[in-house]
Protein chains: 4
Amino acid sequence: MFIAKNKVRMHDTDMAGILYFPRQFRFVHDAWEDWMESKGLSFDDLFKRMDFAFVVVHAEADYKTPLKVGDELEVHVQVIHLGNTSFSVGYKIYKADGTLTGTAKTVHVAIDTKHRHKIKIPPLLREALEKIKKS
Amino acid sequence: MFIAKNKVRMHDTDMAGILYFPRQFRFVHDAWEDWMESKGLSFDDLFKRMDFAFVVVHAEADYKTPLKVGDELEVHVQVIHLGNTSFSVGYKIYKADGTLTGTAKTVHVAIDTKHRHKIKIPPLLREALEKIKKS
Amino acid sequence: MFIAKNKVRMHDTDMAGILYFPRQFRFVHDAWEDWMESKGLSFDDLFKRMDFAFVVVHAEADYKTPLKVGDELEVHVQVIHLGNTSFSVGYKIYKADGTLTGTAKTVHVAIDTKHRHKIKIPPLLREALEKIKKS
Amino acid sequence: MFIAKNKVRMHDTDMAGILYFPRQFRFVHDAWEDWMESKGLSFDDLFKRMDFAFVVVHAEADYKTPLKVGDELEVHVQVIHLGNTSFSVGYKIYKADGTLTGTAKTVHVAIDTKHRHKIKIPPLLREALEKIKKS
């Protein structure tokens with residue numbers, strides 16, 4: 001498991017006074033970026049210099065309590081499935097007081113960036129995913 | 001069914017060159033706003049002047065083909081479940097050439113805006129939802 | 001002058017109940033994308049297939065009346081300066097009732113996408129900019 | 001002066017591969033939120049419980065070097081003008097290596113939240129602004 005910190009900002013809220021629901025995926029993706037970075041894999045390198053990438057083919061989220069501007073968050077990231085060409089990541093989002101405010105899941109498929117074909121998860125990424133899966 | 005038009009903008013993409021996946025929910029919510037508006041229900045009125053609102057408790061999306069800046073979209077909206085206190089909305093997103101690029105579903109719960117309690121879907125909204133369900 | 005249509009969405013507002021101020025630049029950039037497209041210049045082509053691009057080096061905005069969700073907008077775009085390596089674009093944002101709600105200006109510099117050097121505005125873009133300047 | 005930390009995320013970039021320019025104001029506003037919070041003034045309190053607020057009437061930004069995903073930022077915030085009913089805030093944005101990547105300025109006007117009239121800056125806010133101006 002990997003834990004990322006985040007914070008609800010004005011730009012995450014809408015005129016209903018609380019989080020604009022698609023923005024929960026912002027916390028999810030930021031956490032994913034932090035995790036990748038902690039494994040030495042930057043998105044800038046991935047998309048500009050490497051020959052593979054991975055795209056999101058499915059995303060889902062549950063919302064348990066409303067989030068408001070200023071809320072400090074902890075996002076728990078875990079690899080929940082690791083297949084041949086795809087993998088799934090689960091997220092639990094907690095407020096500073098320990099309340100679970102939401103959960104999410106994303107399914108990713110590895111692709112060849114040139115032809116955008118589905119490919120086997122490259123060893124570099126597989127190793128990183130296996131490590132987090134066990135941790 | 002209700003059909004809304006939209007367009008992929010620079011701010012919907014990221015440095016991977018295609019749609020930043022959470023932004024598909026932007027098209028979903030924009031379509032939902034257009035539909036509500038077509039029924040005479042503005043979000044501004046709802047949240048500022050009425051005593052009820054509805055919050056998203058679940059959201060999910062599938063991504064079938066990558067979207068790029070400038071793509072013209074058609075979002076098909078349908079009410080797929082209408083319960084006592086909650087309702088579900090389904091979305092199909094098509095490109096101008098008819099390609100289905102993604103689908104989504106959102107589950108909404110009606111609440112009392114003052115106390116944020118779950119309430120029965122108010123008649124005003126129920127009627128509008130029933131009409132779209134049959135159309 | 002070029003005129004683009006737009007609409008204030010939930011994702012443009014924040015919990016203060018009105019437009020999150022940086023989002024006025026979203027309307028500005030969308031209008032710019034529409035204008036470019038009307039001249040046969042797509043951003044996808046520019047950044048993926050051509051050898052030049054242009055970056056924003058300065059942006060400014062004035063806010064005259066608050067915008068709320070559902071407001072229909074008309075964005076008037078005009079080239080206000082056309083230099084050797086840079087150009088400036090002015091924007092006026094009106095509500096459907098004719099109220100001027102804000103103005104903006106952006107300054108762009110043409111660059112070589114490979115080395116990110118400042119270059120002379122390429123003929124293709126210069127012609128398009130000259131045409132709009134006179135219109 | 002107040003210093004806030006931030007980080008460039010995928011959602012801040014666009015398909016041109018670097019920061020989508022309006023998003024620099026996201027770092028500006030996040031820093032402003034952090035500063036307000038450090039003075040015990042939360043935006044949630046301001047807009048939901050207090051009788052005053054302040055709106056942005058002018059914003060401007062200069063861009064000196066492109067920002068890419070993963071860049072760690074330091075935003076320096078300073079009150080540069082403190083008038084009767086308005087105040088101006090200046091921002092300098094640095095990368096971790098000390099490069100100045102951009103500057104920005106916002107002009108704010110205090111308003112009565114009920115009638116949205118311009119009012120004198122309330123003592124609570126004036127004190128906080130004076131403190132930061134001297135620091």
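The values are calculated or read from the model by the stated rules, or taken from the named source; none is laboratory data. What you see is a predicted model; the values in this text were computed from it and never measured. Don't worry about glycine lacking a Cβ; one is built from the backbone with ideal geometry, like all the others, and counts go over all protein chains shown. Keep in mind that these areas ignore ligands, DNA and RNA; they rest on the heavy atoms of the full protein, side chains included. Shrake-Rupley method; radii C 1.70, N 1.55, O 1.52, S 1.80 Å.
Points to keep in mind about this one:
Residue-by-condition table, conditions (1) open to solvent by 10 Å² or more (accessible area, probe 1.4 Å); (2) under 19 Å from C:ALA61 (Cα atoms); (3) among the small types (Gly, Ala, Ser):
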{"residue": "D:PHE2", "(1), (2), (3)": "yes, no, no"}
{"residue": "D:TRP35", "(1), (2), (3)": "no, no, no"}
{"residue": "D:SER42", "(1), (2), (3)": "yes, no, yes"}
{"residue": "D:GLU60", "(1), (2), (3)": "yes, yes, no"}
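- Set side by side, the residues A:SER88, A:SER38, A:SER135 differ, and just one is hydroxyl-bearing (Ser, Thr, Tyr), at pLDDT below 90 and farther than 26 Å from C:LYS48 by Cα, which is A:SER135.
- Residues that are under 17 Å from D:GLU33 (Cβ atoms) and within 15 Å of the chain's Cα centre (by Cα), drawn from the stretch C:1-29: C:PRO22, C:ARG23
- Considering the stretch D:95-118, the residues that are among the hydroxyl-bearing types (Ser, Thr, Tyr) and closer than 21 Å to D:GLU37 by Cβ include one that is nearest to the chain's Cα centre (by Cα), namely D:THR106.
- Any hit, the stretch B:48-58, residues being acidic (Asp, Glu), open to solvent by 40 Å² or more (accessible area, probe 1.4 Å), in contact with a Ser or Thr (Cβ under 7 Å, 6 or more places away or on another chain) and within 24 Å of C:ALA16 (Cβ to Cβ): yes
- Filtering the stretch C:4-28 to residues that are in a helix (DSSP H, G or I) and either under 30 Å from D:MET50 (Cα atoms) or open to solvent by 20 Å² or more (accessible area, probe 1.4 Å) (or both) leaves C:MET10, C:HIS11, C:ASP12, C:PHE21, C:PRO22, C:ARG23, C:GLN24, C:PHE25, C:ARG26.
- Within the stretch A:19-44, the set of residues being touching an Asp or Glu at 6+ places or on another chain (Cβ under 7 Å) and facing another protein chain (nearest Cβ under 7 Å) comprises A:TYR20, A:ARG26, A:PHE43.
- Residues satisfying the stated conditions in the stretch D:79-97, i.e. touching a Ser or Thr at 6+ places or on another chain (Cβ under 9 Å) and not aliphatic (A, V, I, L, M): D:HIS81, D:SER88, D:GLY90, D:TYR91, D:LYS92, D:TYR94, D:LYS95
- Failed criterion for A:ARG126 (all others in (1) under 17 Å from the mean Cα position of the chain (by Cα); (2) open to solvent by less than 10 Å² (accessible area, probe 1.4 Å) hold): (2)
- Matching option when the condition is at pLDDT 85 or above, among the aliphatic types (A, V, I, L, M) and in a strand (DSSP E or B), among A:ILE111, A:ILE121: A:ILE111
- Evaluated against (1) surrounded by fewer than 18 Cβ atoms within 10 Å (Cβ to Cβ); (2) over 25 Å from D:ARG23 (Cβ atoms); (3) in contact (Cβ under 8 Å) with a residue 12 or more places away in the chain, A:ASP97 falls short on exactly one condition, (3).
- On the stretch given as the stretch B:45-98, residues that are within 12 Å of chain A (Cβ to nearest Cβ), touching a strand residue (DSSP E or B) at 6+ places or on another chain (Cβ under 9 Å), outside any strand (DSSP E or B) and acidic (Asp, Glu) total 0.
- Residues that are without any contact (Cβ under 8 Å) to a residue 24 or more places away in the chain and hydroxyl-bearing (Ser, Thr, Tyr) within the stretch D:1-42 comprise D:TYR20, D:SER42, listed in sequence order.
- For the stretch D:81-94, a tally of residues being in contact with a helix residue (DSSP H, G or I) (Cβ under 8 Å, 6 or more places away or on another chain) and either of a type in the set (Asp, Glu) or open to solvent by 20 Å² or more (accessible area, probe 1.4 Å) (or both) returns 1.
- Of all residue pairs spaced 6 or more apart or on separate chains, those with beta-carbon atoms under 9 Å, a first member in the stretch D:110-128 that is in contact (Cβ under 8 Å) with a residue 24 or more places away in the chain and a second member that is aromatic (Phe, Trp, Tyr) and assigned to a helix (DSSP H, G or I) are D:THR113/D:PHE47; D:ALA128/D:TRP35.
- Selection count where residues are polar (S, T, N, Q) and closer than 28 Å to B:HIS29 by Cβ, scope the stretch C:60-102: 3
- Residue selection: D:LYS105 fails the criterion of being among the basic types (Lys, Arg), in a strand (DSSP E or B) and farther than 26 Å from C:GLY17 by Cα.
- Extreme residue, surrounded by the fewest Cβ atoms within 10 Å (Cβ to Cβ), among residues of the stretch B:62-80 that are more than 25 Å from A:PHE54 (Cα to Cα) and in contact with a helix residue (DSSP H, G or I) (Cβ under 9 Å, 6 or more places away or on another chain): B:ILE80
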